[in-house]
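See structure below.
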Amino acid sequence: MVLILLGPPGVGKGTQGALLCEERDWTRIATGDLLRAARREESELGRKAQEYMDAGNLVPDELIVAMVRERLEALPDDAGVVFDGFPRTLAQAEALERVLEETGRALDGVLLFEAPDEVLVRRISGRRHAPGSGRVYNVHFDPPETDGVCDETGEPLVHRSDDRPETVRHRLEVYRSSTAPLVQHYEEGPVPLVRIDGDRDMKSVKRSMLHAVEHLESDG
Ligand code: AMP
């Protein structure tokens, strides 16, 4: 299976994508996580991406596509792949189609997660990350057992600098202008686009997602 998780920041793609990959033993390619790792390692890519990320703008397509290509080429041919936060522009979607073809893969479906803006802003403001374990908590809905530290690793949790309310609103605008056109692109394409109501508790969203994935699997 090759799936794309599409939807605005804060809708739950990261959380649900991680649950899906854990359940099926698939690989999640989350471009935001890869970029944050590159920044921590202070690689050239990390340095180039920094100012775009801090401002809530998109990192240039060529950097993103090269990064995704490298990840994809390193995977076994039969690995299940879930893209999270990619593609975010039409140019990235077209590049993905080429890279999939070149690596002998094909897209099976797109899951579109949706929620109202005020829900997204509230969720993102409560979001806290554990950089080492990659776990994401929410002080309102999914707090760690001990305030401010990761349940798994005990490391201190951080509030992403681009999760500040002003930057979040800008990221939502960027989503509307650059990424939302992908909905129509995939609706008109050859594989199913399934809408999932992301404005519900985590378990209900997970149930809908798994249901959608089972349908896609039985179609294939
Ligand atoms: P995310 O964790 O998916 O919300 O991504 C955080 C930030 O990383 C975004 O606001 C962008 O600056 C950058 N980013 C992540 N994925 C992409 C992508 N596919 N294209 C361009 N920029 C991206």
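The values are calculated or read from the model by the stated rules, or taken from the named source; none is laboratory data. Predicted model, so just to flag it, every value in this text is computed and none were measured. Neighbour counts are summed over all protein chains in view; Cβ atoms, including those assigned to glycine, are modelled from backbone coordinates with ideal geometry. Ligands, DNA and RNA are excluded from the accessible area calculation, which covers all protein heavy atoms including side chains. Shrake-Rupley method; radii C 1.70, N 1.55, O 1.52, S 1.80 Å.
Structure notes:
- The residues of the stretch 39-59 that are in contact with a Lys or Arg (Cβ under 9 Å, 6 or more places away or on another chain), in a helix (DSSP H, G or I) and either at pLDDT 95 or above or near the ligand (Cβ under 9 Å from one of its atoms) (or both), listed by number, are 45, 46, 47, 49, 50, 53.
- Selection from the stretch 92-114 of residues that are in contact (Cβ under 8 Å) with a residue 24 or more places away in the chain, open to solvent by 50 Å² or more (accessible area, probe 1.4 Å) and out of contact with any Leu (no Cβ under 7 Å at 6 or more places or on another chain): 104, 114
- Filtered residues of the stretch 85-140 (kept if assigned to a strand (DSSP E or B), among the β-branched types (Val, Ile, Thr) and either more than 24 Å from residue 211 (Cα to Cα) or in contact with a His (Cβ under 9 Å, 6 or more places away or on another chain) (or both)): 136
- Total residues in the stretch 1-23 satisfying the condition of being open to solvent by 50 Å² or more (accessible area, probe 1.4 Å), farther than 23 Å from residue 101 by Cα and modelled with pLDDT of 95 or more: the figure is 2.
- Count of residues meeting criterion [over 14 Å from residue 123 (Cα atoms) and open to solvent by less than 20 Å² (accessible area, probe 1.4 Å)] in the stretch 184-203: 2
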